[in-house]
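This report refers to the structure that appears directly beneath it.
The values are calculated or read from the model by the stated rules, or taken from the named source; none is laboratory data. Values in this document were obtained by computation on a predicted structure and should not be read as measured data. Here the Cβ positions follow ideal geometry from the backbone for every residue, glycine too, while neighbour counts run over all protein chains shown. Calculation scope for accessible area: heavy atoms of the full protein, side chains included, ligands and nucleic acids excluded. Shrake-Rupley method; radii C 1.70, N 1.55, O 1.52, S 1.80 Å.
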Amino acid sequence: MSSEPPPPGSGRSPDDDPFRKQPPPAEGGGSPYDPSYGGQTPPPGDQPPPFDGGGGDPYGGGPYGGDPLAGMPPLADSGRRVLARILDMILVGIVVWLLSWAFGVTEYDTDKIDTGKSFGQSLVAAVLYIGYDTVMISRTGQTFGKRLFKQRVANLDNGATPSVQTTLIRSLVLWIPFAFCCACIWTAIAGGWSFFDKPYKQGLHDKAAKTVVVNAG
């Protein structure tokens, strides 16, 4: 059986995501879904709250003793994240160059820079990089680079594969400045932030989307 979450439109609920954190064990045994969990029936007004699959506030609090990472795999090494990102940038960059050449929007014309073509190439790059990250990560939590280096993106609050909306926010924060402004400088800052961030090793795009990158096997 595949351990990958179902793609959108498969008819399965997001609650079926195998990466989604499971309910914490109730004290005294039993299930928190059972009114008589722990061997006793709670008095009226003291029923256990239903578990919503999350960890409460993604930056602290909730049923996991205040640690949203509880129940998730270890955080991915920042150095290996960089290698995965470089691989993805090379793969998508090749496609960007080919399409820019095919549509005649390559940035350089002999010794001069054509502003219009430069914008066109930046637009192609933005669309492809954002689309690549959004589609791949919202389906499985992994790009090709992350799959090779055994990593995946997860929601910080519940460990599940991020939704399309969450992944789109993450991608926009990372790739819009890259394509139209600061290129590799912004990528280095946004991604390199994970080397110093405590305790979640988040890049700036992770912080915007409230995601983390964890090991995947």
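Key figures for this structure:
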read-out	value
Check on P199, on the phi < 0 side of the Ramachandran plot, surrounded by fewer than 23 Cβ atoms within 10 Å (Cβ to Cβ) and touching a helix residue (DSSP H, G or I) at 6+ places or on another chain (Cβ under 7 Å)	no
Answer residue from segment 150-173, given it is out of contact with any Pro (no Cβ under 9 Å at 6 or more places or on another chain) and not in a helix (DSSP H, G or I) and is surrounded by the fewest Cβ atoms within 10 Å (Cβ to Cβ) among those	K150
Output for segment 167-210, where each listed residue is among the hydroxyl-bearing types (S, T, Y) and touching a Ser or Thr at 6+ places or on another chain (Cβ under 7 Å)	T167, S171, S194
Count of segment 202-215 residues which are touching a Phe, Trp or Tyr at 6+ places or on another chain (Cβ under 8 Å) and either part of a strand (DSSP E or B) or buried (at least 20 other Cβ atoms within 10 Å of the Cβ) (or both)	4
Tabulated pairs, segment 116-140, first in contact (Cβ under 8 Å) with a residue 12 or more places away in the chain and within 16 Å of A209 (Cα to Cα), second open to solvent by 40 Å² or more (accessible area, probe 1.4 Å) and assigned to a helix (DSSP H, G or I), C-beta under 6 angstrom, 6+ apart or interchain	T134/L168; S138/V164
Residue list for segment 138-162, restricted to those being among the charged types (D, E, K, R) and out of contact with any Gly (no Cβ under 7 Å at 6 or more places or on another chain)	R139, K146, R147
Qualifying residues in segment 78-120 (those that are open to solvent by less than 80 Å² (accessible area, probe 1.4 Å) and among the charged types (D, E, K, R)) - the one modelled with the lowest pLDDT	D109
Output for segment 131-148, where each listed residue is crowded, with 22+ Cβ neighbours inside 10 Å, in a helix (DSSP H, G or I) and β-branched (V, I, T)	I137
Where a residue in segment 75-99 is within 19 Å of I189 (Cβ to Cβ) and in contact (Cβ under 8 Å) with a residue 24 or more places away in the chain and its partner, wherever it lies, is of a type outside the set (A, V, I, L, M) and surrounded by fewer than 17 Cβ atoms within 10 Å (Cβ to Cβ), with Cβ under 7 Å and at least six apart	A76/N215; S78/F195; D88/F144
